[in-house]
Amino acid sequence: MIQPLSTGAERGSTAALQAVEHEPHDPHDSHEDRQGGCAQPLVELDLLGGFALRFDGREIQPTVGARRLLALLAVEPNGLTRSRAAAVLWPQLDPARAGAALRTALHRLPGERANLVDSTPERLRLAPHVAVDLVERRSVAAHVLNLAIPMGTEELGRAVGCDLGADLLADWEEDWLSHHQVRWRQLRLHALEALSSRLSEAGWAGAAVDAALVAIHSDNLRESAHETLVAAYLAAGNQIAAHAYRVSYRELLQRELSAAAPGLWGQPPAGPDSPGRRVRRLR
């Protein structure tokens with residue numbers, strides 16, 4: 001897995017910064033499409049689980065600076081001014097050096113720049129034809145969470161096949177990225193819980209249990225995820241499994257937090273005619 005963390009090499013020594021300062025003007029630094037009439041390649045940018053960039057299915061290995069720039073533009077779909085992008089990516093540098101570092105990152109983008117970035121003298125944004133896994137899975141999560149709109153069998157199947165278990169660039173430690181990481185993590189956890197409830201209602205018992213387990217694996221102390229799993233067991237008619245899981249969760253809380261189980265966790269599982277037997281809806 002590529003791990004483009006901020007390193008000493010990325011921040012640069014004095015000699016490297018001097019080289020950046022004297023980077024010549026990039027003649028490709030414009031919004032002009034230089035494809036020359038050729039068909040654009042299929043460009044895929046993955047940010048979930050780890051960074052990956054593919055042109056027509058072939059994986060490309062950009063420089064660290066180029067990866068950081070592409071990731072920033074991917075999580076900022078409306079784009080940024082050049083000065084803002086430079087300040088976000090290189091906050092330790094003065095504006096002139098940060099601007100030079102940005103020009104270097106743009107210059108070192110793989111292939112034709114128009115395949116990756118729309119650029120003007122003032123702003124940068126990711127080219128609209130670049131397929132970003134984060135964008136696609138956000139759309140799926142939003143659909144699942146809109147409980148006012150039913151999901152048919154085909155839509156449920158697509159949601160089940162969509163991996164909502166991966167965090168956003170989990171190995172990256174960047175101040176500018178942390179907000180986006182937290183936001184995506186919460187969105188996907190809520191979506192997994194809602195998906196489990198939808199699947200239980202549709203009679204997809206195994207898939208409902210699996211979706212809840214994915215959420216628990218991501219956050220082992222998330223009470224709502226454990227509640228969702230118990231609801232999935234009950235919806236499938238597995239009261240013994242639900243009871244056993246309640247006991248194990250109480251033991252987990254005692255072991256990890258030295259705390260008593262909250263709310264319904266101290267009670268036996270609900271019977272088939274009680275309110276707790278029904279699938280929990282996301283609040």
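The values are calculated or read from the model by the stated rules, or taken from the named source; none is laboratory data. As the structure is a prediction and not an experimental result, all values here were calculated from the model. Neighbour counts run over all protein chains shown; Cβ positions are idealised from the backbone, glycine included. Surface accessibility is based on the protein's heavy atoms, side chains included, excluding ligands, DNA and RNA. Shrake-Rupley method; radii C 1.70, N 1.55, O 1.52, S 1.80 Å.
For this structure, a couple of remarks:
- Overall Cα dimensions of segment 120-241, principal axis frame, Å, largest first: 63, 31, 21
- Peptides 251-257, 129-135, 104-110 ordered by packing proxy, namely the average of other Cβ atoms within 10 Å per residue, highest first: 104-110, 129-135, 251-257.
- Couplings for segment 50-58, taken from phi via the Karplus curve 6.51 cos²θ - 1.76 cosθ + 1.60 with θ = phi - 60°, read x, 7, 8, 10, 10, 10, 6, x, 9 Hz in order; Gly and Pro are left as x.
- Cα centroid separation - segment 94-167 against segment 182-202, whole Å: 21
- Residues whose amide H falls under 5 Å from that of V117, counting only those 5 or more places apart or on a different chain, are A127, with hydrogens built in the peptide plane.
- Per-q log10 I(q)/I(0), segment 57-192, q = 0.09, 0.10, 0.11 Å⁻¹ (Debye; single scatterer per alpha-carbon; no solvent): -0.33, -0.40, -0.48
- 1.4 Å probe accessible area per residue over segment 159-201, in Å²: 41
- Accessible carbon and sulfur surface of segment 63-186 relative to its total accessible area, %, 1.4 Å: 51
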